[in-house]
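Notes follow once the structure below has been shown.
The values are calculated or read from the model by the stated rules, or taken from the named source; none is laboratory data. Computed from a predicted structure; not experimentally measured. In this analysis, Cβ positions are derived from the backbone assuming ideal geometry, glycine residues included, and neighbour counts consider all displayed protein chains.
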Amino acid sequence: MAHPSHWTSNGGRPIGGRTIVFDLDGVIADASHRQHFLAAERSSDKDWDGFFNACVDDPVIEQGRRLVGSISDDFCVVILTARIHETRAKTVAWLSANGVRHDWLILRGHHQGVPSTEWKREQLEHLEEAGAVIELALDDDPRNIAMLRDLGLTATYIHSGYYDDRDYDAEFR
Ligand SMILES: [Mg+2]
């Protein structure tokens, strides 16, 4: 099945069939040490390059790694992250170094400057078009959980704390 060029295979398993989707930052990668790059209130004032480039120093979240590692081979595991495409080599190396089980890695492609929740929604729809039956998705961003449930998907919220001081509804916690 054809897939967008910014999707990265790990091991050659085709997309399709029973699928579980994991977010990366705040679920498997501990990005707490680089949240300060995003302290500015306005998005245009945030140091996004600093934030993404520091991802090489993320400790692994052991619970997340063990959880994704426990998923049976019956499922295709997709890591769906709004990290920018420029972090691809660093992210692939980090996943490998930390032994994170996954079949596909989806990072933002070039020029995909839409808000991350909107971008993730598009990727999930592409996955379903490609034959994926998404049985579960895990994310630490409340906006993504709301979007997943809006799509009719089963979503599990993982608390990272990165979004605690952001101003939006979090009634599902
Ligand atoms: Mg996250």
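Applying the criterion of being aromatic (Phe, Trp, Tyr) and more than 12 Å from the ligand (Cβ to nearest atom) to the residues of segment 15-48, the residue that is farthest from residue 62 (Cα to Cα) is 48.
Annotation: residue 87 fulfils all but one of (1) within 23 Å of residue 145 (Cβ to Cβ); (2) within 14 Å of the ligand (Cβ to nearest atom); the unmet one is (1). If the condition is being under 17 Å from residue 103 (Cβ atoms) and among the hydrophobic types (A, V, I, L, M, F, W, C), then segment 1-50 contributes 1, 2, 7, 15, 20, 21, 22, 24, 27, 28. Across segment 122-143, the qualifying residues are those that are assigned to a strand (DSSP E or B) and surrounded by fewer than 18 Cβ atoms within 10 Å (Cβ to Cβ), and the one among them that is nearest to the chain's Cα centre (by Cα) is 136.
Yes or no, residue by residue, for (1) touching a Phe, Trp or Tyr at 6+ places or on another chain (Cβ under 9 Å); (2) within 16 Å of the ligand (Cβ to nearest atom); (3) part of a helix (DSSP H, G or I):
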{"position": "55", "(1), (2), (3)": "yes, yes, yes"}
{"position": "64", "(1), (2), (3)": "yes, yes, yes"}
{"position": "73", "(1), (2), (3)": "no, no, no"}
{"position": "79", "(1), (2), (3)": "yes, yes, no"}
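Of the residues 101, 83, 88, 108, which single one is in contact with a Leu (Cβ under 6 Å, 6 or more places away or on another chain) and either in a loop (DSSP other than H, G, I, E, B) or polar (S, T, N, Q) (or both)? Only one candidate qualifies: 83. Looking across segment 91-118 at every residue that is more than 22 Å from residue 163 (Cα to Cα) and modelled with pLDDT under 95, the one that is surrounded by the most Cβ atoms within 10 Å (Cβ to Cβ) is identified as 112. Taken over segment 121-171, the criterion of being touching a helix residue (DSSP H, G or I) at 6+ places or on another chain (Cβ under 8 Å), away from the ligand (no atom under 16 Å from the Cβ) and at pLDDT below 95 is satisfied by 169 alone. If you go through segment 144-158 and pick out every residue that is without any contact (Cβ under 8 Å) to a residue 40 or more places away in the chain and under 14 Å from the mean Cα position of the chain (by Cα), you end up with 6. Being over 18 Å from residue 121 (Cα atoms) and among the charged types (D, E, K, R) is the filter here, so list the residues in segment 19-49 that pass it. Within segment 19-49, 30, 34, 41, 42, 45, 46, 47, 49 meet the criteria. Kindly indicate whether any position in segment 36-47 is in contact with a strand residue (DSSP E or B) (Cβ under 9 Å, 6 or more places away or on another chain) and farther than 19 Å from residue 109 by Cβ. No, the conditions are met nowhere in segment 36-47.
Residue by residue, here is whether (1) buried (at least 21 other Cβ atoms within 10 Å of the Cβ); (2) among the β-branched types (Val, Ile, Thr); (3) farther than 21 Å from residue 128 by Cβ holds:
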| position | (1), (2), (3) |
| --- | --- |
| 3 | no, no, no |
| 23 | yes, no, no |
| 30 | no, no, yes |
| 67 | no, no, yes |
| 80 | yes, no, no |
| 89 | no, no, yes |
